[in-house]
Structure formats: structure tokens, C-alpha cells
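The values are calculated or read from the model by the stated rules, or taken from the named source; none is laboratory data. Predicted, not measured: the structure shown is a model, and the values here were computed from it. Cβ atoms come from the backbone with ideal geometry, glycine included; neighbour counts cover every protein chain shown. With ligands, DNA and RNA removed, areas are computed over all heavy atoms of the protein, side chains included. Shrake-Rupley method; radii C 1.70, N 1.55, O 1.52, S 1.80 Å.
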Amino acid sequence: MDTRAYRLTSLKQTDVFEVDFPDVLEVKATLLEAATESMNEHNPPKMTAKSLERVAADIRNADWVEKLKRSGFEPEKKTVWVLEGILYYLSHSQALQVLKTIADKCSLAHTVLLGDFMNKPSTTMSSSLFHFYSDWPDDLLPSLGFSDVKLSQIGDPDAHFGLMDDQLNLFNKLRGLPRSAQIHPDDGTPCCRLYLVQASGLPNETNI
């Protein structure tokens, strides 16, 4: 349900591709149409991106990149990939395959990945829904082919969002513990962390 293509003026020179299940894309299109009709006819929502293509595909399947290409995506152009609220719903093998597919694009063009990663204790919140996790995504991503990785936790200065002033907030309590801690020493609860990660790579960069 993201609306970046309608909100961010920084995308005015950017082609946006949205990849999702066909029924999700259909619902989103219906909601946007309803929002347009409900607004003043002299002030309808305008797309701020250069272009927007909705691609019906399942990233768990091997053909999703081909479907992107058929929709106009050019792998040789620099690309920002946003994996927001999705990786932890995939199996480990599926998530690693998606990440590796994106990492391989670093050999073709400047590639940036923006994503969120759960640590292992976070998957206990719903073992039927959450599967993939990484306690150390800043180690995982270079092993897949990214050359530069920046990691933040919610509550860090660059991921504060003006909402974390209470030092007793769950995220602030966790930030004071080593990332290796799985159980909170004060109350015995799992240390559920959500990492916000930016990874990138350029052609001709070597990762060892």
C-alpha cells in the first residue's frame, strides 16, 4: 500500500516499479481510484515519480525479474530496491535467493538495497508467519555480494522518527544491550530487534 510514487518529489526523474501479488495490486488500484474520486476535482492526487509500473509477480518464484524486464525494467541502470516488510515472511532459502538476485545486479550498475530484517527472537512473535531472520545482516549482505552495508536499529539517531524520547521504550531498552543478547536480563523476554539496513554495490568492486 506504499504511495511513494505519489508523495516523493525526489522521484521526479525516477521510474518506479511495484512488484506484488495481482490481487494486492488490484486492491491498491481500487483504493487509489476511490481516493481520487473523493478528493476535490481541482486537486486530484498527482504522481510525483517519472513513471509507475505495477508488476504482478511472486518474488518466491524464479521468474519475477523476467516479469520486471518485460515491464520495462533495465538492469543496467542504477537501481534502488526497497524490501520493506517482506523478507521475514519468506523462507530462508527464498529470502537468500531474492537478496542474491539483487546483489548480482551490483556487477551491472550502482545498486542500493533498503530493507528491514528481524533477528531470530523476533520470529517467536508469530512462528506461523515469520520465517527468515538474520541476527547479523551487516555480515550476511557482504557475503552475498554487497560491498557497503549500513545498519540501524529503531531508536538510533538516524532511525528515531521523533517517537523514541521515552528511555523505557522497548526499542531504547534493547539498544543498550549487546546485539548478541537473545534474552533481556531484566525480565527474561526475547530481545526482538528490527534492523533497518542500507546496502550498496558498484560494478568492478570486489567483495572478499
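Is it the case that region 26-35 has a residue that's in contact with a helix residue (DSSP H, G or I) (Cβ under 9 Å, 6 or more places away or on another chain) and within 30 Å of SER93 (Cβ to Cβ)? No, there is no match, as no residue in region 26-35 is in contact with a helix residue (DSSP H, G or I) (Cβ under 9 Å, 6 or more places away or on another chain) and within 30 Å of SER93 (Cβ to Cβ).
Each row is one residue, and each column tells you yes or no for (1) among the hydroxyl-bearing types (Ser, Thr, Tyr); (2) within 29 Å of TYR133 (Cβ to Cβ).
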{"site": "ARG7", "(1), (2)": "no, no"}
{"site": "SER10", "(1), (2)": "yes, no"}
{"site": "VAL16", "(1), (2)": "no, yes"}
{"site": "VAL24", "(1), (2)": "no, yes"}
{"site": "GLU37", "(1), (2)": "no, no"}
{"site": "LYS50", "(1), (2)": "no, no"}
{"site": "GLU66", "(1), (2)": "no, yes"}
{"site": "HIS92", "(1), (2)": "no, yes"}
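Would you call MET118 under 20 Å from LEU196 (Cα atoms), surrounded by 14 or more Cβ atoms within 10 Å (Cβ to Cβ) and aliphatic (A, V, I, L, M)? For MET118, the condition - under 20 Å from LEU196 (Cα atoms), surrounded by 14 or more Cβ atoms within 10 Å (Cβ to Cβ) and aliphatic (A, V, I, L, M) - is met. When residues in region 23-77 are screened for being open to solvent by 50 Å² or more (accessible area, probe 1.4 Å), assigned to a helix (DSSP H, G or I) and closer than 30 Å to PRO203 by Cβ, 4 of them pass. Every residue in region 81-98 that is open to solvent by less than 60 Å² (accessible area, probe 1.4 Å) and not in a helix (DSSP H, G or I), please. Hits for region 81-98 are TRP81, LEU83, GLY85, ILE86, LEU90, SER91.
Elements of the type strands (runs of 3 or more DSSP E) sitting completely within region 101-208 and holding at least 2 residues that are modelled with pLDDT of 85 or more and closer than 26 Å to LYS69 by Cβ: these cover 111-118, 194-201.
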